[in-house]
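Colleague: One structure follows; several queries about it will come next.
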Amino acid sequence: MSRPARFVFVLGLLAASAQGAVFEQQIIVEDEDDLFTLEQRGDITSDQLDTLLEVLREGVELNSAGRDQLYDLPGLTYADCDAIIEYRTAKGRIDDPAELVAAGAITGEQLIEIAPFIRIDSTRPLLPVSGKFRSVTRFTTTDNTPPPTLLHARLKGPWDLSAGLMLITTRRIPATPTYDPALDALISTGFGYALHVPRFFAMWNSGHRKVVAGTYTIGFGERVTLDNTRRSTPSGIYLTDDFRRPIENVRTCKLSNPDLPLSGECSAGEKNLYITPDFDWRETFRGVAGSFEDISLGGETTMSVYGFLSYQARSIYQYELYDRRTCEDPHLTSAACKAPPVYIPSNSSRLIYSTLPYLFDELAGGAHVTVRPNYKISLGVTGYGAAPFFHVQPMELDFQEWSRYPNGGAFGAVGVNGHVTVGPVNLYLEGARSFDRAIGGGGGFGVEQRTTFSPKGHELEVSLRYYDDKFHNPFGRPIAAPDELEGLRAKNELGLRLRYFVRLGKNWEFKTRNDFWVAPYGTPAAPAWVPNFYTLTRANFTGWQLFQPSLWVDLRNRNLTSSQRGRCAAGSILYVEGDPYTCNGDLYRIAGRLEFNPHKRVMLATQAWFTWTDDVKYQESFRNDLQLWFEARYTPTDWLNLHLKTRYLDQDLSDPAYLETNLWTYLEATFRLGRYARVGFRYDLFFWLDKRLSTVGLVDVDGTVVGARTPNPENRLMLDVRASF
């Protein structure tokens, strides 16, 4: 069967059968630090953290948000979103979110969950100009360079105009490489204190018309064709101030010199010295974008049109490159196809494990059109194209086969999406065709069909997906398993996901997600049709005001046909009929949380999980991991909030010299200076307790310890200042 015929067959199959924002864990937070803690505890994934951070920092405006925007809020089903819109339409305006509870649109527990993520804009601002500012800096007591700093500002002015800017200073990002004709190689001036401007924009947003100049994100439908937002259900152009605060300190030394081992290497102190990590951010689109929404075509029929044009400087991990002058096919394992080195001539060294900033430019553009005969039916068409440009001639740099970007030059995708609502049933479908010039590629097909059944207090979601082994779309972000093929998750995958949420009375809440998938095409990395299964189920009891217990299980079986232990851990290689493939192993986890609320100003909580996981070190059994958390929150006054958290992590209970063991405690104090200012101080104390060589070092002949991790313990400080007017 040809690829187009196979695509049509699968599309028809999925359409004949019938990722939302109901997270498997309860999202009870006050600020973004609580979201980071959820990820660190393993309660949410990194992708879910990105989604929640974006929604938290932008806020969902209750009086103007559409159904898809409301569905981005944690804990809401489509039935809840419809109830909010119905109440808003009947009343005209929501002035207090508590109205929704009194009207029965949502529960009090749901209001607590969504409260940090919503906003209600004033209809009559006191000043013609309003704004908000934020500055964050972090410091470790052994830092040998000035600390990283972030400054973010947004202004909203008259005539529907607004603007924003984000500045970030870094220390551990090398200078952009250039070509050196004498070495016939890439060279860099190395690391230094630098200023970056990852976000800037000016926007005119008047009713259903929007124009943005600067940085932005854009996404549509089921995210198969185009989406570089972090939304669960994107539907247009978004502004984002997303950034990450990596937790673990980073090693100062990122240089090596295997050719001259006695020259240009980092000193022993630098090799083992760890300092504060820089802030992270995503590279979005940069250019212009605009939209005309809900254009009347007569009767109830409306049309929305979106377009964008971007010219963005892109960074890339140094090992994702190869030079076409010496390598015809990056799939080959010859030395000529390895990533070209990046030298630092000033000290005869070269970079290792570094992201090369702004190494190439990317020109991208696209459009989307949606037609809605009524609010229950929509049909959309999306298309985009992009082309990378390297500026290091005469080198002919291109992307390795495992990079998220396809090699060969220009790429893009075209897709069609649709939506139908019938009572409590919502049907969503999107199919796309990608295009590229990659060696062995050329483009492929991807399709995602999602059905939700959303009566009040319940939501069942059935998601079916198919992405062939040629579907290479770096700007798609559809539902996919957590594994990757050639830098992408949505590739060579046939899968089914079931998610169910139910609220039983006022006391019980159950959430479950079950994901089954196979790779329909065999590759050198893995055979075809190996079945994989993930399931996560959680139960919350809210019937007691004093105690609120939760229990959940997380089961991940990466090869249902094999129960052999010890051969299937991260990075391990198996051989099937002589062909190697990577298998990531099984994981089984049981976890529980108990929250104690003795007073409205006091909260205490403890949480623990125990994990059985595959590891190549253990051939006849599982490796056992343990994580314990204790949390205390105290609000003595309305202007002061104190938050203490402690975590103990042991990644191998039987061998302290194998993996990480640490104890991490931090205390955060937040001062609210009236309604418009807030200052946060945070102190972290981090002990490395394991006996690994990288932690404890070696004892020299004279009795001194050489190569021990420095500092240990780590003393970290953070200052976060926010103001608005």
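Coordinate-derived values only; no laboratory data. Keep in mind that what you see is a predicted model, and the values were worked out from it rather than measured. Positions of Cβ are generated from backbone atoms using ideal geometry, with glycine treated the same way; all protein chains shown enter the neighbour counts.
Colleague: Going by C-beta contacts inside 10 Å, put Thr661, Thr141 in order with the fewest on the left.
Modeller: Numbers: Thr661 22, Thr141 11.
With the fewest neighbours first, Thr661, Thr141 line up as Thr141, Thr661.
Colleague: Using Cα positions and a limit of under 20 Å, work out the lysines in reach of Lys645, with same-chain residues fewer than 8 apart set aside.
Modeller: Lys600
Colleague: Take Leu667 and Leu151, extend 7 Å from each Cα along the Cα→Cβ direction, and tell me the distance between the two endpoints in nm.
Modeller: Distance between the two pseudo-spin positions: 3.2 nm.
Colleague: Express the relative contact order of the stretch 19-124 as a whole percentage, based on alpha carbon pairs under 8 Å and six or more residues apart in sequence. Mind dumping the intermediate values first?
Modeller: Working: 108 pairs, mean separation 36.6, N = 106.
Result for the stretch 19-124 is 35 percent.
Colleague: Compute the length gained on full extension between Val369 and Trp612: take 0.36 nm times their separation in residues and subtract their Cα-Cα distance, giving the result in nm to one decimal. Walk me through the numbers on the way to the answer.
Modeller: Numbers: separation 243, 0.36 × 243 = 87.48 nm, distance 4.84 nm.
Taking Val369 through Trp612 to full extension adds about 82.6 nm, to one decimal.
Colleague: Out of Leu429, Tyr317, Gly457, whose Cα points farthest toward the positive end of the dipole of the chain (charges: +1 Lys, Arg; -1 Asp, Glu; placed on Cβ)?
Modeller: Gly457
Colleague: How big is the Kirkwood radius of the stretch 74-222, worked out from every pair of different alpha carbons and given in Å to one decimal? Please list the in-between numbers first.
Modeller: Values: mean 1/r = 0.0491 Å⁻¹.
One decimal place: 20.3 Å for the Kirkwood radius.
Colleague: Neighbouring Cβ atoms within 10 Å as the yardstick, rank Arg209, Arg93 fewest first. Please report the intermediate quantities before stating the final value.
Modeller: Values: Arg209 13, Arg93 10.
Fewest-to-most ranking of Arg209, Arg93: Arg93, Arg209.
Colleague: Report Rg/Rh for the chain, rounded to two decimals, where Rg is the Cα radius of gyration and Rh the Kirkwood radius. Before the final figure, lay out each step's value.
Modeller: Values: Rg = 26.2 Å, Rh = 27.8 Å.
That ratio equals 0.94.
Colleague: Let me ask another. Name the lysines eligible as straight-distance cross-link partners of Lys338: C-alpha to C-alpha under 26 Å, and not fewer than 8 places from it in the same chain.
Modeller: Result set, ordered by chain and number: Lys254, Lys271, Lys470, Lys491.
Colleague: Can you tell me the length gained on complete extension of the stretch Ala175 to Ala528, counting 0.36 nm per residue apart and subtracting the Cα distance? Before the final figure, lay out the partial values.
Modeller: Values: separation 353, 0.36 × 353 = 127.08 nm, distance 4.25 nm.
Here the segment from Ala175 to Ala528 would lengthen by 122.8 nm.
Colleague: Next question, about the same structure. Given 0.36 nm per residue, what is the gain on full extension from Tyr683 to Thr326 after removing their alpha carbon distance, in nm? Don't skip to the answer; put the middle values down first.
Modeller: Values: separation 357, 0.36 × 357 = 128.52 nm, distance 5.10 nm.
Going from the current span to full extension adds 123.4 nm.
Colleague: Evaluate the Debye formula for the stretch 19-124 with equal point scatterers sitting on the alpha carbons, no solvent, and hand back log10 of I(q)/I(0) at q = 0.12, 0.14, 0.24 Å⁻¹, in q order, two decimals.
Modeller: -0.38, -0.51, -1.39
Colleague: Please report, in cubic angstrom per residue, the volume enclosed by the convex hull of the alpha-carbon atoms of the stretch 317-367. Display every interim value, and only then the final one.
Modeller: Details: hull volume 7.1 nm³, N = 51.
Measuring per residue, one finds 139 Å³ for the Cα hull of the stretch 317-367.
Colleague: Using the basic label-point model (7 angstrom from Cα toward the beta carbon), what is the Ser621 to Ile112 distance in nanometres?
Modeller: Result: 4.1 nm between the two label points.
Colleague: Mind checking which lysines have their C-alpha under 29 Å from Lys91, skipping anything on the same chain fewer than 8 residues away?
Modeller: Counting by Cα, and skipping residues close in sequence, Lys91 has these lysines nearby: Lys156, Lys210, Lys376, Lys456, Lys506.
Colleague: When ranked by the protection proxy of mean other Cβ atoms within 10 Å per residue, highest first, what sequence do the peptides 649-660, 671-682, 223-234, 71-82 form? Please list the in-between numbers first.
Modeller: Values: 649-660: 16.0, 671-682: 13.7, 223-234: 25.5, 71-82: 23.8.
The densest-packed peptide leads the list: 223-234, 71-82, 649-660, 671-682.
Colleague: Which trypsin sites (Lys or Arg not before Pro) in the stretch 598-667 pass both tests, a DSSP loop state and at most 14 other beta-carbon atoms within 10 Å?
Modeller: On the way: sites: Lys600, Arg601, Lys617, Arg623, Arg633, Lys645, Arg647; in loops: Lys600, Arg601, Lys617.
Within the stretch 598-667, the qualifying trypsin sites (Lys or Arg not before Pro) (loop, at most 14 other Cβ atoms within 10 Å) are Lys600, Arg601, Lys617.
Colleague: As an exercise, identify the chymotrypsin sites (Phe, Trp or Tyr not before Pro) in the stretch 363-449 lying in DSSP coil whose Cβ has no more than 16 other Cβ atoms within 10 Å. Walk me through the numbers before you get to the answer.
Modeller: On the way: sites: Tyr375, Tyr384, Phe389, Phe390, Phe399, Trp402, Phe411, Tyr428, Phe435, Phe445; in loops: Tyr375, Trp402.
Passing both the DSSP loop test and the Cβ count: Tyr375, Trp402.
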